[in-house]
Amino acid sequence: MNRIDTITQIVKEISGNDAAPDAGESLFESGYLDSFALPDMVSAIEKAFQIRIPDGDVTPRKFDSIERIAAYLESRA
Amino acid sequence: MTAYLRGFGSYLPARRAGNADLSARLGVSEDWIRDVSGIEERRYAGPEETVVSMAVAAGRDCLEKCRVGPADIGMVIVSSGSFERRFPGPAATVARELGLGAAAALDLPLASAGSLFGLAIAARMVEAHGCVLVIGSEKMSPVALSEPLDRGVAILFGDGAGAAVVSGTGPGARVVDALVQSDGAFAEDLRLGFEGALEMNGRSVIMQATRKIPRVIQDLLDRNQLPAAAVEVFLMHQANQNLIDRVARALNVAESRFYTNIRRYGNTSSASMLIAAEEWWAAAGGPSTGQSVCFAAFGAGFHWGALLAEG
């Protein structure tokens, strides 16, 4: 499973929505995630990719879409 | 550090504002307000009530309940993020109104986490000043209701004041340890100037709070070899019921262990934790012998922390 697929799977699990959002779609504005679900998603990403995301990086801008999350993870690779 | 929480006091304005009073103005349902915040009503101060007058009322209530006289207070710390003037802050006036003589009066303009910081500072200051009176007082309703209304702000805030006496001697709950932290990287995400509206990046606040609050509590408990499940009660800043529930789940603690009154008072910023403590203390008589109580708060700055005390 590639990075995008893994992130998509996490988003679907956290949102409880079987339909996958478009990679560039805002996870907030589309209603996939609310503010309280996002920390759960960040924790799931940390676990899946075995990284520790510093609090300073945990911003809505970096985690607003699957593409942005993938770009962030790429920057950490 | 040898310090004791002798007791608490509070003041809440008489005027009640239910969700029905806000829903039509904000174009949302009463149920939506309750679902996103846990709030059903809040208290609004009258035009004659100020940060100082509410602080004085809470301080007086606290001194009476603790049976501590004004002459015994060597220092007063007043936290407020909604005081109406740059300087002097409210502390000196509050000290005068309470008859505290020349007791040192310290202002903490920290908003929500202010009373937690106040308790942590007081626990270190009792050696020099004897009894320290800590007060959090907020008049947030003018901020919440400033036009144009922002529904994410308007539904949250209420007015009130809470107080605590911290002493170098008992009786009371012994302060075991405290951990306070700050991160200015997020200073712009929650701010209130003297002009204009409160500006809040709600997503950032929630994202940071849901990570930082459980972590600081866990760090404090770990360094005192105390499992979260062994804490009798958690007394947290009443920011949002959903946030409080999430912190409980993160710590793997039953939500019922977190005392909450946000349903009745809304978010009273730095006053809320002490108001909650006053209510829980009055009902339970404080922590049982050998039992622990954990305070925690998070707010603009960001500032956050936790304090552990035991009966």
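Ranked from the most accessible area to the least, with a 1.4 Å probe and all protein chains present, what is the order of B:GLU255, B:GLU41?
On the way: B:GLU255 80, B:GLU41 45 Å².
Sorted by accessible area, descending: B:GLU255, B:GLU41.
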Residue-averaged beta-carbon neighbours from other chains (10 angstrom radius) around B:196-206: 3
query: Between A:SER30 and B:ARG86, how many nm apart are label points set 7 Å from Cα along the C-beta direction?
result: 4.8
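Sorting A:ILE4, A:ILE51 by accessible area (1.4 Å probe), largest first, what list results? Please report the intermediate quantities before stating the final value.
Numbers: A:ILE4 65, A:ILE51 45 Å².
From most accessible down to least: A:ILE4, A:ILE51.
Could you sort A:ILE10, B:ILE206 by accessible area so the largest value comes first, with the probe set to 1.4 Å?
The ordering from most to least exposed comes out as B:ILE206, A:ILE10.
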field: Cα radius of gyration and Dmax for region B:176-310 (Å)
entry: 14.8, 48
- line: Listed by chain and number, the residues whose amide H is under 5 Å from that of B:GLY160, excluding neighbours fewer than 5 places away on the same chain and using placed H, are B:GLU138, B:MET140
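Could you tell me which trypsin sites (Lys or Arg not before Pro) in region B:188-250 are loop residues by DSSP with no more than 12 other beta carbons within 10 angstrom of their beta carbon? If you can, show how the numbers build up before the last one.
Numbers: sites: B:ARG191, B:ARG203, B:ARG211, B:LYS212, B:ARG215, B:ARG223, B:ARG246, B:ARG249; in loops: B:ARG223.
Within region B:188-250, the qualifying trypsin sites (Lys or Arg not before Pro) (loop, at most 12 other Cβ atoms within 10 Å) are B:ARG223.
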- prompt: What's the average, rounded to a whole number, of partner chain beta-carbon atoms within 10 Å of each residue's beta-carbon in A:32-41?
  reply: 5
- prompt: If you take the Cα Rg of region B:4-167 and divide it by 2.2 N^0.38 Å, with N the number of residues, what do you get?
  reply: 1.10
- prompt: What residue among B:ILE262, B:ASN252, B:MET273 has its Cα farthest toward the positive end of the dipole of region B:239-284, where the charges are +1 on Lys, Arg and -1 on Asp, Glu, each on the Cβ?
  reply: B:ASN252
message: I'd like the accessible area for B:ASP21, computed on protein heavy atoms only with a 1.4 Å probe and all protein chains in place. Round to 10 Å², please.
response: 90
query: Residue by residue through region B:290-296, which ³J(HN,Hα) values in whole Hz follow from phi under the Karplus form 6.51 cos²θ - 1.76 cosθ + 1.60 (θ = phi - 60°), with glycine and proline marked x?
result: x, 8, 10, 10, 10, 9, 7
- line: Per residue, accessible area of chain A with a 1.4 Å probe, heavy atoms of protein chains only, in Å², comes to 52
query: Could you list log10 I(q)/I(0) for chain B at q = 0.11, 0.15, 0.16 Å⁻¹, which the Debye formula gives when each Cα is one point scatterer?
result: -0.59, -1.15, -1.31
query: Rounded to the nearest 0.05, what FRET efficiency do A:ALA71 and A:SER43 have when you use their Cβ-Cβ distance and R0 = 25 Å?
result: 0.80
For chain B, calculated [θ]222 nm from helices alone, where every DSSP H run of n ≥ 4 adds -39500 (n - 2.57): -10500 deg cm²/dmol
- prompt: Can you give me the relative contact order of chain B as a percent, contacts being Cα pairs under 8 Å and 6 or more apart?
  reply: 26
task: Could you pull out the pairs from B:LYS139/B:LYS212; A:LYS62/B:LYS139; A:LYS62/B:LYS212 whose alpha carbons sit more than 23 Å apart here?
output: B:LYS139/B:LYS212; A:LYS62/B:LYS139
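Taking R0 as 45 Å, what FRET efficiency do you get between B:ALA229 and B:GLU64 from their Cβ-Cβ distance, rounded to the nearest 0.05? Intermediate results must be reported in sequence, preceding the final value.
On the way: r = 35 Å, r/R0 = 0.79.
Using R0 = 45 Å, I get an efficiency of 0.80.
Given contacts defined as C-alpha pairs under 8 Å and at least six residues apart, what's the relative contact order of region A:3-76, whole-number percent?
Values: 62 pairs, mean separation 28.7, N = 74.
RCO, region A:3-76: 39 percent.
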- prompt: Of all the accessible heavy-atom surface of region B:4-167, with the other protein chains kept in place and a 1.4 Å probe, what percent is carbon and sulfur?
  reply: 51
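At a Förster radius of 35 Å, what calculated FRET efficiency corresponds to the Cβ-Cβ distance of B:THR289 and B:ALA71, to the nearest 0.05?
Values: r = 30 Å, r/R0 = 0.86.
Once the sixth-power term is evaluated, E becomes 0.70.
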- request: Quick one: dipole size for region B:173-310, taken about the Cα centre, charges +1 on Lys/Arg Cβ and -1 on Asp/Glu Cβ, in debye to the nearest 20.
  value: 280
- request: Write out the trypsin sites (Lys or Arg not before Pro) in region A:1-73 meeting two conditions: DSSP loop, and at most 12 other Cβ atoms within 10 Å of their Cβ.
  value: A:ARG52, A:ARG61
Rounded D (µm²/s) - region B:20-105, Kirkwood Rh over Cα pairs, Stokes-Einstein at 10 °C, 1.306 mPa s: 103
- line: At the level of C-alpha centres, the distance separating region A:1-16 and region A:46-65, in angstrom, is 14
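Classify region A:3-76: rounded, prolate or oblate, from the alpha-carbon gyration tensor (a ≥ b ≥ c, eigenvalue square roots; a/c under 1.5 rounded; otherwise prolate if a/b is larger than b/c)? Walk me through the numbers before you get to the answer.
Values: a/c = 1.42, a/b = 1.35, b/c = 1.06.
Taking the square roots of the gyration eigenvalues as a ≥ b ≥ c, region A:3-76 is rounded.
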message: Cross-link candidates for A:LYS12: which aspartates and glutamates have Cα within less than 18 Å, leaving aside residues fewer than 8 places away along the same chain?
response: A:ASP22, A:GLU25, A:GLU29, A:ASP34, A:ASP40, A:GLU46, A:ASP64, A:GLU67
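The values are calculated or read from the model by the stated rules, or taken from the named source; none is laboratory data. No experiment lies behind these values; they were computed from the predicted model shown. Quick reminder, even Gly has a Cβ in these numbers, built from the backbone with ideal geometry, and neighbours come from all protein chains shown. These area figures cover heavy atoms from the full protein model, side chains too; ligands, DNA and RNA do not enter into them. Shrake-Rupley method; radii C 1.70, N 1.55, O 1.52, S 1.80 Å.
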